[in-house]
Amino acid sequence: MSSSLSAKSPRILKGRIWRFNDDIDTDQIYPGKYLSLIDKNEMAQHAMEGTALAEVFIKNVKPGDIIVAGKNFGCGSSREHAPIAIQGAGITLIIAESFARIFHRNCINTALPTLELKETRHINGGDTLEVNLETGEIKNLTKNENYKAEPISQLEWEIMNAGGLLKYLKYCK
């Protein structure tokens, strides 16, 4: 893979936080009754619909916002609809204490960055973060605090910069 490919995606993101707790499953992220939808804009209207913040989230999420969650974010089924809906709603990054492995892979495959941060409890909904995806450094601009997450790997960058796994595989040929 050429180094020019990895320069496409922004390495530093800044956004407002939407805070979720532990064990948010894919049915909460994107309920199964909408699986027949294929339009990304329609899918986005149902992102996080199974959570307690559903109504507020859909009405107020803005492009560039970030989700911060506790442990086991994206547990449940292996549907790719969940990261697609989140991304369609404008979310540019998900930070969690841990992710369900298949959800994490689906995020990378659909070009949605994820970072694992061991302690997310100090980050509140409404805080503003500045995140360096390359180094894993996170600045909470609201609280003037700093955190360190695992950075995104080079291969994950290459996949995301290509626009997802399918485009990456096509580009590699």
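The values are calculated or read from the model by the stated rules, or taken from the named source; none is laboratory data. This is a predicted model, so every value here is computed, not measured. Positions of Cβ are backbone-derived with ideal geometry, glycine not excepted, and every protein chain shown enters the neighbour counts.
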Neighbours by Cβ (under 8 Å, 6+ apart or cross-chain): first from region 16-32, surrounded by fewer than 16 Cβ atoms within 10 Å (Cβ to Cβ); second of a type in the set (A, V, I, L, M) and modelled with pLDDT of 95 or more: Asn21/Ala69; Asp22/Ala69
Right, Leu117: touching a Gly at 6+ places or on another chain (Cβ under 9 Å), among the hydrophobic types (A, V, I, L, M, F, W, C) and within 20 Å of Glu49 (Cα to Cα) or not? no
Looking at region 155-173, which of the residues that are under 23 Å from Glu130 (Cα atoms) and either surrounded by 12 or more Cβ atoms within 10 Å (Cβ to Cβ) or among the β-branched types (Val, Ile, Thr) (or both) is farthest from the chain's Cα centre (by Cα)? Glu158
Just to verify a result, which residue in region 31-79, among those that are within 23 Å of Ile138 (Cβ to Cβ) and part of a helix (DSSP H, G or I), is farthest from the chain's Cα centre (by Cα)? Asn60
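Among the residues of region 95-109, are any outside any helix (DSSP H, G or I) and surrounded by fewer than 19 Cβ atoms within 10 Å (Cβ to Cβ)? It would help to see each step written out before you state the result.
First, the residues of region 95-109 that are outside any helix (DSSP H, G or I): 95-100.
Next, from what is left, pick out any that are surrounded by fewer than 19 Cβ atoms within 10 Å (Cβ to Cβ): 97-98.
There is at least one residue in region 95-109 that is outside any helix (DSSP H, G or I) and surrounded by fewer than 19 Cβ atoms within 10 Å (Cβ to Cβ).
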Restricting region 136-150 to residues that are of a type outside the set (A, V, I, L, M, F, W, C), assigned to a loop (DSSP other than H, G, I, E, B) and within 14 Å of Leu115 (Cα to Cα), the one modelled with the highest pLDDT turns out to be Gly136
Scan region 88-97 for residues that are in contact (Cβ under 8 Å) with a residue 40 or more places away in the chain and out of contact with any Lys or Arg (no Cβ under 8 Å at 6 or more places or on another chain) and jot them down. Ala89, Ile91, Thr92, Leu93, Ile95
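Looking for something in a loop (DSSP other than H, G, I, E, B), at pLDDT below 95 and either surrounded by fewer than 23 Cβ atoms within 10 Å (Cβ to Cβ) or hydrophobic (A, V, I, L, M, F, W, C) (or both) - is there at least one such residue anywhere in region 80-90?
So the first thing to find is which residues in region 80-90 are in a loop (DSSP other than H, G, I, E, B), and the list is 80, 89-90.
Then keep just the ones that are at pLDDT below 95; that gives 80.
Going one step further and asking which of them are either surrounded by fewer than 23 Cβ atoms within 10 Å (Cβ to Cβ) or hydrophobic (A, V, I, L, M, F, W, C) (or both), we end up with 80.
Yes, region 80-90 contains a residue that is in a loop (DSSP other than H, G, I, E, B), at pLDDT below 95 and either surrounded by fewer than 23 Cβ atoms within 10 Å (Cβ to Cβ) or hydrophobic (A, V, I, L, M, F, W, C) (or both).
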May I ask you to verify whether Ile159 is outside any helix (DSSP H, G or I) and not small (Gly, Ala, Ser)? no
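Can you tell me how many residues within region 99-132 are under 20 Å from Gly74 (Cα atoms) and more than 12 Å from the chain's Cα centre (by Cα)?
Let us first name the residues in region 99-132 that are under 20 Å from Gly74 (Cα atoms), namely 99-121, 123-125.
If we keep only those that are more than 12 Å from the chain's Cα centre (by Cα) too, we end up with 100-102, 117-121, 123-125.
The qualifying residues number 11.
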Kindly check whether there is at least one residue in region 67-76 that is at pLDDT below 95 and farther than 25 Å from Ile12 by Cβ. yes
